[in-house]
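Q: Supplied in C-alpha cells, the structure appears directly below.
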Amino acid sequence: MKLKTNILKKIRERRISLSFVMTGLVVCIVLVACVIGVIVFTYCYVNSMEENAVTSSEQAVSQVRNMVSHYTEDMQGIMEMVRINMGEAQEERSEFFQNLIDIRKDVEAITVHSEEGKLIAYWSNGQELKEQIHTNLSYKKLEDEGLFISVPHVQNLFKNYYPWVVTFSQRIKTEDGENIQVSMDIRFSNIASYVDKVGIGAHGYCFIADTDGNIVYHPQQQLIYAGLKEEQSEKIRTYRDGSHTFNGVIYTIHTLENCDWRIVGVSYVDELVTVRVSGMIRVVMFVVITVVVTTVLAGVLLAKSFSKPAKELAAAMRRFVREAESFEFYPVKGTEEIVALSDSFGHMVLQIQELMEKVRNEEITLRKTELNALQAQINPHFLYNTLDSIAWMCEVGRTKEAIEMVNALARLFRISISKGHELITVKQELQHAECYLKIQKFRYKSQFNYTFQVEESCLGYLCNKITLQPLIENAIVHGLDLSEEGEILIEVFEEEQDIIMTVYDNGVGMSTEQCEEILQKDVHQKGGIGIKNVNDRIKIYFGEQYGVTISSELDEWTKVEIRMPKISEESYEM
Amino acid sequence: MKCNRKSKMIVFFLSIYFVINVCCACSITEKEWTGEHSKIQVAVIAKSTTSAYWKTTFAGASAAGTEYNLDVSFEGPENEEDYETQNQMIRKAVENGVDAIVFSAVDYNANVEAVNEAVSAGVKIVIIDSDVNSDLVSARISTDNYKAGKMVGEAVLSGTEEVLQVGIVNFDEHSENGQQREKGFLDYVEANERVTIVSSVNVNSTIEEAKAATIKMLKEQPQINIIVTFNEWTSLGVGYAVQELDVADKTRVVAFDSNVVSVGMLETGEVDALVVQNPYAMGYLGVEYAWMLLNDDKIRETNIDTTTTLITRDNMYAPENQKVLFSFE
C-alpha cells in the first residue's frame, strides 16, 4: 500500500522514468499471464494425471485378472480331468496323475482322502511321505460336491518339504458309493511370476485376495509374513469392484468370475501424480522465472533504447527554449520513433530559426522603408519647388492662392510626420493626398483634374500613411500625358473585410511587364519613394494577401489598387 | 560505432543467457525423468552363509535391496567363530567403496577395531542379530536376546514336570547374542525352585560339536529332562543327539530358530518348542536402515527389536505360525 502511494507520488512528481513504467507494466502483465497459465495448466495436468493413474491401474488389474482367471480355469479343467480319471483303473489312474505332476511343475501333489480325512492315495513330485502326519493341512472336509479353493497354507505331508500351496479339492462319489475327496496342491510359481512382474508406477503392484480379505498371493508375501508390511485387508474386503482411493493409495479391485478371488491393484497417488506434477511444476516454474527475467531484461533494454534518447531529446528541447538563436541541433540516435521525433524537431528548429531571421529582416526593412517614406516627404526638391511656386505667387500678388498653397504644404507635412505613427486614419490620408494634389495642381498649372469618390464609412479606419501620395505622384509624373487634359480619380470603398483605395489616371498606361516591374524594382523618381515601398510596407504590416496591384491598358488608363484590412482605431493600440 | 559495439555486446550476453537457460532446463528435466543415480552399495556381512536363518536374512536384505534399488552383496565366514575372516571382509568392503555395511558380529570385542575403522572411513554400520562393542554403530536391529532367553525360560517352566533338571548347550561364548539369551534364560528360571541347572556347555556353532557335547552331557547326567539351546546349529545338534539316544519322550528340548529339519523334529518330538526369530525382518530392516542413513532420513530409533515367537507342537500349524516357520519362496 505504502509502496503504491510512493510510486503514485513519484509519478505525480514526474520523477519516475518511462523505462520503469514500461518494464513494470510488461513484467506485471507477463507475471499475471504466467500465473494464470500455470494454474490452468497444473489443474488440467493433475486431472489428466489422476485419470491416467486410475486408467493404468485398471488396465494392469484387468490384465492380471484375465491371466489369473485363465489360470484358475486351467486348474478347474485339470481338476475335471482328475475327477474323470478317478473312475479309471488303478494303474492307468496312477500313471495319468504321475504324468500330470511331472508335466505341471506347479502341481505339488494330488491326494485322495476318505470321507473321514484319512489319506488313501497320493502322487507327488518325488517327495517322501512322513510316517506320521501331525496335521494334514491339505485336507478340509467338504460339505458339497463343488470345487473348493483353500487359502494359502504350508503343505506338510512330506519329509523336510514345506512348500506354500493352495489346495483345490472336490468331493467325488466312487462306484462303490463312497464319498472320497480329491485334492490338488498347487504352487503359485506360474501366476506368481506373472503377478510379480506387473507394476503400476514405480512401486505399485497387484495381489490376489479372496473375498474374506485373506491374501492368496502377494508379490511381497514374505514381507507380510515377516510382519514388515500390512495390507488394508479389512478395508479392501468392504470395497466393491472398481477403483478406490484411500490415504493416497489407489486400490483397484476386480473379482474373478469363476472363483471368489479378487485381484487388487495397489498404486500410489504420490508416485503417479504428485511426484510427476511437482516435477512438472518445477519445470514450469523454471520456465516462468526465465520468462520473467527475460522480460525484465528485455524491458530494461527496450526502455533504455527508448527513454535514454527521449531524455536526450527533451534536454535538447529545454536548451532550445533557453537559447533559441544560438541553438545547434545534433540528431539523436535510437529507435525509429525517436529518430522521427528527432528529425521533426530538427526541422522545426531550423524553421523557427529561419522565421526568426525573417522577422528580424522584415523589421529592419520596415524601419528602412518607413524612414524612406518620411525622407521622401521632406524631399528638398519638392520643398524648393513648392516654395518657389509660393514665392512666385506672392510676387504676382496671388496672395490668396499662396496662402492656400502654404496651408496645404503645412498640412502635408503635419500628416506626414503625424507624431511618428505609421498608421493614420483614411480621412487623414485622404487629406494628405488632397494637399499634395492641390500643390501639384498649382505647380502643373491645372493641367489635370482630380476627383475623390469616398465611402463615408471608410474614413474612420486606419491605413499606412503616405500610401496614396506615392501612387498619385506616379500618376502625375509618369501616367498623365500633359498634352491633354489629365484626369485622376481616387476611390475609397469597402469590400467585405477589406478597404480598397484606387488611384486611376487616364494617362499613357503601361504594358503588363512594366506593371510588374514597378512592384519589383525600387524606382526613385526625383527622390520620391516608389510604389514598391508602399507595397512592401502594407505586406509587412498586414500580410501577403494585401498590397498593391496595378492594372493598365496602354495609351488608355492605369489603375493602381491598394488593398488593406479594416482596422478600426479602437482595435489598434497607437 | 560505439553504440553498435554496445548492442553487439548485449546480443552476445543475451544469447549466452538463453543457452544457459536451455541447458538448465534440459538438465532438470533429464534428472527428473530418468532418475539416474549411481547405485548405493550395501554389503551384508553375516556370521555364516549356510544356515536357513542366514539364508532367510539374506532373502530379507535382498528384498529391501530391490525395493530401494540398491546393490546388496552377501558374505560370511565358513564357520561361525571366524572373526578374523569377518574383519577382513569388512576391510575389503571398505576398500571396494561400499556405502554401508550391515553386520552381524561373531565376536563382541574382536570385531570392534575393524568396525571402527570402517566408520572412520565414512561407511555406515548397521548391526543386525549380534552386537559389537562399539559406540560408532549407526543402528542396531536384532532380536531382544535377553527377552528371547526369557521366552525359553517360560517354555521350560510351562512343562508339567515337578523337577526340572536343565542342561544348557550354548554356542560360542564370545558371541554377544548367545550370552544375552543364556542370561535372560537363567535370570528367569533361577528363582524357580523346580529348576536345577545341571550342566552348561559352550560349543562351537556346528551340528557335530553340539551333538557330541549333548550326548556327552546326557550320558554324564542322565537325570537331565530339559535341554535348552540357543541357536540353529546347536538346536539341530541337540535334536540329533536326542534322536540318537532315543530319549525324545523323557527329554524336553527348547530350541532356537527354525529350519525344515528342526520343524520336522518338532513334529516328531525330538524338539518340543522353538523360539523363532524373524531373520527376514532383520535382513530387510538392516538394509532399509542403511538406505535411510545414507539418504539422511530421520531415524527415530537406533535400537530396533524384531519379533520372536514361541512355537510348540500344538500351535505350529496355526496360520500365523506357518508364516513364521516357513519362508515363502
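Q: For the range A:108-119, state whether one or more residues are of a type in the set (Ser, Thr, Tyr) and part of a strand (DSSP E or B).
A: Quick first cut of the range A:108-119, residues of a type in the set (Ser, Thr, Tyr) only: A:111, A:114.
Those still in the list that are part of a strand (DSSP E or B) too: A:111, A:114.
Yes - at least one qualifying residue is present in the range A:108-119.
Q: Could you say whether any residue in the range A:263-278 is assigned to a loop (DSSP other than H, G, I, E, B) and touching a residue at least 12 places away in the same chain (Cβ under 8 Å)?
A: Our first condition is that a residue be assigned to a loop (DSSP other than H, G, I, E, B); within the range A:263-278, this holds for none.
The answer is no; no qualifying residue exists.
Q: Oh, and also: Tell me, please, whether a residue that is part of a helix (DSSP H, G or I) and either more than 12 Å from chain A (Cβ to nearest Cβ) or closer than 15 Å to residue B:59 by Cβ (or both) can be found in the range B:269-280.
A: yes
Q: Further question on the same structure: With at positive phi and touching a helix residue (DSSP H, G or I) at 6+ places or on another chain (Cβ under 6 Å) as the only criterion, which of A:248, A:265, A:242 stands out? Don't jump to the end; show me each part of the working.
A: Numbers: A:265 fails: at positive phi; A:242 fails: touching a helix residue (DSSP H, G or I) at 6+ places or on another chain (Cβ under 6 Å).
Sole residue among the options that is at positive phi and touching a helix residue (DSSP H, G or I) at 6+ places or on another chain (Cβ under 6 Å): A:248.
Q: Okay, next question. Residues in the range B:145-165 that are touching a Ser or Thr at 6+ places or on another chain (Cβ under 8 Å), surrounded by fewer than 20 Cβ atoms within 10 Å (Cβ to Cβ) and not in a strand (DSSP E or B): how many?
A: Residues of the range B:145-165 that are touching a Ser or Thr at 6+ places or on another chain (Cβ under 8 Å), as a first pass: B:147-148, B:151, B:155, B:163-165.
Among the residues that remain, those that are also surrounded by fewer than 20 Cβ atoms within 10 Å (Cβ to Cβ) are: B:147, B:163, B:165.
If we keep only those that are not in a strand (DSSP E or B) as well, we get B:147, B:163.
Matching residues across the range B:145-165 total 2.
Q: Now, a different point. Within the range B:91-116, which residues are more than 16 Å from the chain's Cα centre (by Cα), hydrophobic (A, V, I, L, M, F, W, C) and under 23 Å from residue B:288 (Cβ atoms)? First the steps, then the outcome.
A: Here is the first cut: in the range B:91-116, the residues more than 16 Å from the chain's Cα centre (by Cα) are B:91-99, B:109-110, B:112-116.
Now drop any that are not hydrophobic (A, V, I, L, M, F, W, C), which leaves B:93-94, B:98, B:110, B:112, B:114-115.
Selection gives B:93, B:94, B:98, B:115.
Q: Of all residues in the range B:215-235, which are assigned to a helix (DSSP H, G or I) and more than 19 Å from residue B:148 (Cβ to Cβ)? First the steps, then the outcome.
A: Start the filter on the range B:215-235 by keeping residues that are assigned to a helix (DSSP H, G or I), which leaves B:215-220, B:232-235.
Within the range B:215-235, B:215, B:216, B:217, B:218, B:219, B:220 meet the criteria.
Q: Name every residue in the range B:299-318 that is at the interface with chain A (Cβ under 9 Å from one of its Cβ atoms) and either modelled with pLDDT under 85 or buried (at least 18 other Cβ atoms within 10 Å of the Cβ) (or both), in order of residue number.
A: Here is the first cut: in the range B:299-318, the ones at the interface with chain A (Cβ under 9 Å from one of its Cβ atoms) are B:306-307, B:313, B:316-317.
Across the range B:299-318, the qualifying residues are B:306, B:316, B:317.
Here is a yes/no grid of residues against (1) at pLDDT 75 or above; (2) assigned to a helix (DSSP H, G or I):
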{"residue": "A:313", "(1), (2)": "yes, yes"}
{"residue": "A:318", "(1), (2)": "yes, yes"}
{"residue": "A:324", "(1), (2)": "yes, no"}
{"residue": "A:339", "(1), (2)": "yes, yes"}
{"residue": "A:349", "(1), (2)": "yes, yes"}
{"residue": "A:356", "(1), (2)": "yes, yes"}
{"residue": "A:359", "(1), (2)": "yes, yes"}
{"residue": "A:373", "(1), (2)": "no, yes"}
{"residue": "A:376", "(1), (2)": "no, yes"}
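The rows are residues; the columns are (1) at pLDDT 90 or above; (2) within 19 Å of residue B:55 (Cβ to Cβ); (3) in a loop (DSSP other than H, G, I, E, B); (4) in contact with a helix residue (DSSP H, G or I) (Cβ under 9 Å, 6 or more places away or on another chain).
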| position | (1), (2), (3), (4) |
| --- | --- |
| B:102 | yes, yes, no, yes |
| B:106 | no, yes, yes, yes |
| B:115 | yes, no, no, yes |
| B:118 | yes, no, no, yes |
| B:127 | yes, no, no, yes |
| B:131 | no, no, yes, yes |
| B:141 | yes, yes, no, yes |
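To keep it simple, each residue is scored yes or no on (1) in contact with a helix residue (DSSP H, G or I) (Cβ under 7 Å, 6 or more places away or on another chain); (2) without any contact (Cβ under 8 Å) to a residue 24 or more places away in the chain; (3) closer than 27 Å to residue B:327 by Cα.
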{"site": "A:115", "(1), (2), (3)": "no, no, no"}
{"site": "A:127", "(1), (2), (3)": "no, no, yes"}
{"site": "A:131", "(1), (2), (3)": "no, yes, yes"}
{"site": "A:148", "(1), (2), (3)": "no, yes, yes"}
{"site": "A:155", "(1), (2), (3)": "no, no, yes"}
{"site": "A:158", "(1), (2), (3)": "no, no, yes"}
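Q: Looking at the range A:239-256, can you tell me whether even one residue there is facing another protein chain (nearest Cβ under 10 Å) and surrounded by fewer than 17 Cβ atoms within 10 Å (Cβ to Cβ)?
A: Step one: of the range A:239-256, the residues facing another protein chain (nearest Cβ under 10 Å) are none.
No.
Q: Quick check on the range B:281-298: of everything there that is aliphatic (A, V, I, L, M) and buried (at least 23 other Cβ atoms within 10 Å of the Cβ), which residue is nearest to the other protein chains (Cβ to nearest Cβ)?
A: If we filter the range B:281-298 for residues that are aliphatic (A, V, I, L, M), which is where we start, we get B:281-282, B:285, B:287, B:290, B:292-294.
The next check asks that each one be buried (at least 23 other Cβ atoms within 10 Å of the Cβ); those that pass are B:281-282, B:285, B:287, B:290.
Values: B:281: 4, B:282: 9, B:285: 7, B:287: 12, B:290: 15 Å.
Selected residue: B:281.
Q: Could I ask something else about it? What about residue A:502, is it crowded, with 18+ Cβ neighbours inside 10 Å and either farther than 30 Å from residue A:446 by Cβ or at pLDDT 85 or above (or both)? Don't jump to the end; show me each part of the working.
A: Details: crowded, with 18+ Cβ neighbours inside 10 Å: yes; either farther than 30 Å from residue A:446 by Cβ or at pLDDT 85 or above (or both): yes.
Criteria met by residue A:502.
Q: Ok, one more. State all residues of the range A:143-158 that are at the interface with another protein chain (Cβ under 10 Å from one of its Cβ atoms) and surrounded by fewer than 18 Cβ atoms within 10 Å (Cβ to Cβ); if no residue qualifies, say none.
A: A:151
Q: Among the aliphatic types (A, V, I, L, M) and either on the phi > 0 side of the Ramachandran plot or at pLDDT below 85 (or both) - does that describe any residue in the range A:107-120? Before the answer, list the steps.
A: If we filter the range A:107-120 for residues that are among the aliphatic types (A, V, I, L, M), which is where we start, we get A:107, A:109-110, A:112, A:119-120.
Checking the rest, the ones that are also either on the phi > 0 side of the Ramachandran plot or at pLDDT below 85 (or both) come to none.
So far as the range A:107-120 goes, no, none of its residues is among the aliphatic types (A, V, I, L, M) and either on the phi > 0 side of the Ramachandran plot or at pLDDT below 85 (or both).
Q: Of all residues in the range B:56-85, count the ones that are within 14 Å of another protein chain (Cβ to nearest Cβ), out of contact with any helix residue (DSSP H, G or I) (no Cβ under 8 Å at 6 or more places or on another chain) and either free of Cβ contacts under 8 Å to residues at least 24 places away in the same chain or among the aliphatic types (A, V, I, L, M) (or both).
A: Within the range B:56-85, the subset within 14 Å of another protein chain (Cβ to nearest Cβ) is B:56-69.
Adding the requirement that they be out of contact with any helix residue (DSSP H, G or I) (no Cβ under 8 Å at 6 or more places or on another chain) leaves B:66, B:69.
Those left that are additionally either free of Cβ contacts under 8 Å to residues at least 24 places away in the same chain or among the aliphatic types (A, V, I, L, M) (or both): B:66.
Counting residues in the range B:56-85 that are within 14 Å of another protein chain (Cβ to nearest Cβ), out of contact with any helix residue (DSSP H, G or I) (no Cβ under 8 Å at 6 or more places or on another chain) and either free of Cβ contacts under 8 Å to residues at least 24 places away in the same chain or among the aliphatic types (A, V, I, L, M) (or both) gives 1.
Q: Going through B:238, B:198, B:242, B:247 one at a time, which residue ends up being outside any helix (DSSP H, G or I) and either under 17 Å from residue B:311 (Cβ atoms) or touching a strand residue (DSSP E or B) at 6+ places or on another chain (Cβ under 7 Å) (or both)? Steps first, answer last, please.
A: Values: B:238 fails: outside any helix (DSSP H, G or I); B:242 fails: outside any helix (DSSP H, G or I); B:247 fails: either under 17 Å from residue B:311 (Cβ atoms) or touching a strand residue (DSSP E or B) at 6+ places or on another chain (Cβ under 7 Å) (or both).
One residue alone meets the criteria, B:198.
Q: Quick check on the range A:189-225: of everything there that is at pLDDT below 80 and in a loop (DSSP other than H, G, I, E, B), which residue is nearest to residue B:325 (Cα to Cα)?
A: Restricting to residues being at pLDDT below 80 and in a loop (DSSP other than H, G, I, E, B), the top hit is A:203.
Q: If you take the residues of the range A:318-370 that are free of Cβ contacts under 8 Å to residues at least 12 places away in the same chain and surrounded by 13 or more Cβ atoms within 10 Å (Cβ to Cβ), which of them is nearest to the chain's Cα centre (by Cα)?
A: Across the range A:318-370, the extreme among qualifying residues is A:339.
The values are calculated or read from the model by the stated rules, or taken from the named source; none is laboratory data. The model shown is predicted, which means the values in this text are computed figures rather than measured ones. Note that we place each Cβ from the backbone using ideal geometry, even for glycine, and neighbour counts take in every protein chain shown.
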